[in-house]
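A quick write-up on the structure given underneath.
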């Protein structure tokens, strides 16, 4: 089952970690692959510089296994791109967000992180929409929607309980993505590089 947003990120949690990495000619969406140094820079650009510069960087090798491209020292892990999407969408997350994403990918009925998880996507990202709802995976008739720079809080949220919308309002702001599921989380359309 193909999941968007945190899919590729969560794969790193479940994969066996190696070192190095073999560059692919292109990714799953046909985007040319950059050098390791360029991918490290892209991955770390997902978060504010003070966090990104000390974050671990993970990526897929030629066999599709997660490998460490650069070590980190602050507990955050960044990845350069979801290889299945047409636009580069790096993400950087803390350990609780990494756990949340791992649970999502493994098919756990609900996330098991015991603290709120925090993730940055300073270059923006993409999600699938169909019939006025954001989908957890691609489906026939769904459209891929570009998201602006944002950050996310992975903890139980409900649009009804918080009074927040379950879709972006077109002007930015905050909403509950995947409302009504155990994986509902807070999306905040605010550029992480402009946080003070």
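For each of 174, 112, 77, count neighbouring Cβ atoms within 10 Å of the residue's Cβ, then give the residues from fewest to most.
Working: 174 17, 112 12, 77 25.
Final ranking by Cβ density, sparse to dense: 112, 174, 77.
Ranking request for peptides 149-156, 186-193, 135-142: highest mean number of other beta-carbon atoms within 10 Å first, then the rest in descending order. The partial results should precede the final answer.
Working: 149-156: 20.0, 186-193: 18.0, 135-142: 13.2.
Highest to lowest by the protection proxy: 149-156, 186-193, 135-142.
We did not get these values from a lab; they are worked out from the coordinates using the rules stated. None of these values were measured; they are calculated from a predicted model. Quick reminder, even Gly has a Cβ in these numbers, built from the backbone with ideal geometry, and neighbours come from all protein chains shown.
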